[in-house]
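The values are calculated or read from the model by the stated rules, or taken from the named source; none is laboratory data. What you see is a predicted model; the values in this text were computed from it and never measured. Cβ placement follows ideal geometry from the backbone for every residue including glycine, while neighbour counts extend to all protein chains displayed. In case anyone asks, the SASA skips ligands and DNA or RNA and just uses the protein heavy atoms, side chains included. Shrake-Rupley method; radii C 1.70, N 1.55, O 1.52, S 1.80 Å.
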Amino acid sequence: MTCLTDAWALHEAELRGWLLHRLGNAAEAEDFLQDLFLKALRQGDRFCSVNNSRAWLFEVARNALADRLRVTRQMVELPEDIPAPQVETDAVDSLTACLPRVLSELSAEDREAITLCDLQGLPQADYARSLGLSVSAAKSRLQRARQRLKQRMTTACQVRFDDAGLVSDFVPRDPQTPYR
């Protein structure tokens with residue numbers, strides 16, 4: 001391991017100065033130097049194959065210092081009376097609350113198509129096979145069911161869309177009030 005001892009002899013003083021400047025404490029700088037030497041030693045013959053030993057030593061020292069500073073960063077205690085942040089949920093995510101009620105109001109055929117293919121993830125080819133339909137007919141059936149679901153959701157939950165056609169807002173529906 002003469003390559004390590006040679007590299008260490010060449011760069012130890014520079015590393016010590018660099019660490020002392022960043023840590024401001026000679027004892028801590030010495031501890032870091034020892035740890036750095038051990039990391040290099042653990043590399044064994046791989047250290048000897050490093051093209052630029054100085055760059056490797058400084059990179060490892062920089063990473064170790066960053067890890068240490070990350071762990072010892074000062075934390076500021078927050079007062080107990082700070083209100084919890086309000087988590088804004090996307091309108092479309094909140095709209096899922098309307099789904100079970102509106103889904104129950106669809107025809108059994110529409111409800112089955114949406115439940116099996118969209119909610120349970122059944123491939124449309126398998127859905128078609130289970131009903132004895134062509135894949136094209138099953139896709140058409142599912143598409144029409146989706147359109148009726150969207151129409152019901154839009155009306156029952158008073159969904160509003162933005163210029164891009166995305167859900168921007170809705171009015172939650174009372175689960176006890178039937179859709180008319």
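A compact table of results
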quantity: Filtered residues of the range 114-150 (kept if free of Cβ contacts under 8 Å to residues at least 12 places away in the same chain, surrounded by 12 or more Cβ atoms within 10 Å (Cβ to Cβ) and closer than 20 Å to Phe170 by Cβ); calculated: Lys150
quantity: Selected residue (criterion: farthest from Leu69 (Cα to Cα)) from residues of the range 43-59 that are modelled with pLDDT under 90 and charged (D, E, K, R); calculated: Asp45
quantity: Candidate set: the range 151-161, residues that are in a loop (DSSP other than H, G, I, E, B) and open to solvent by less than 50 Å² (accessible area, probe 1.4 Å); chosen: the one nearest to Ala97 (Cα to Cα); calculated: Cys157
quantity: Subset tally (residues that are touching a helix residue (DSSP H, G or I) at 6+ places or on another chain (Cβ under 6 Å), within 12 Å of Leu4 (Cβ to Cβ) and either surrounded by fewer than 16 Cβ atoms within 10 Å (Cβ to Cβ) or hydrophobic (A, V, I, L, M, F, W, C) (or both)) for the range 40-71; calculated: 5
quantity: Long-range neighbours under 8 Å by Cβ, at least six apart or interchain, first residue charged (D, E, K, R) within the range 44-63, second surrounded by 11 or more Cβ atoms within 10 Å (Cβ to Cβ); calculated: Arg54/Ala7; Arg54/Leu10; Arg54/His11; Arg54/Glu14
quantity: Considering residues of the range 72-113 that are open to solvent by less than 80 Å² (accessible area, probe 1.4 Å) and part of a loop (DSSP other than H, G, I, E, B) only, the residue modelled with the lowest pLDDT; calculated: Ala84
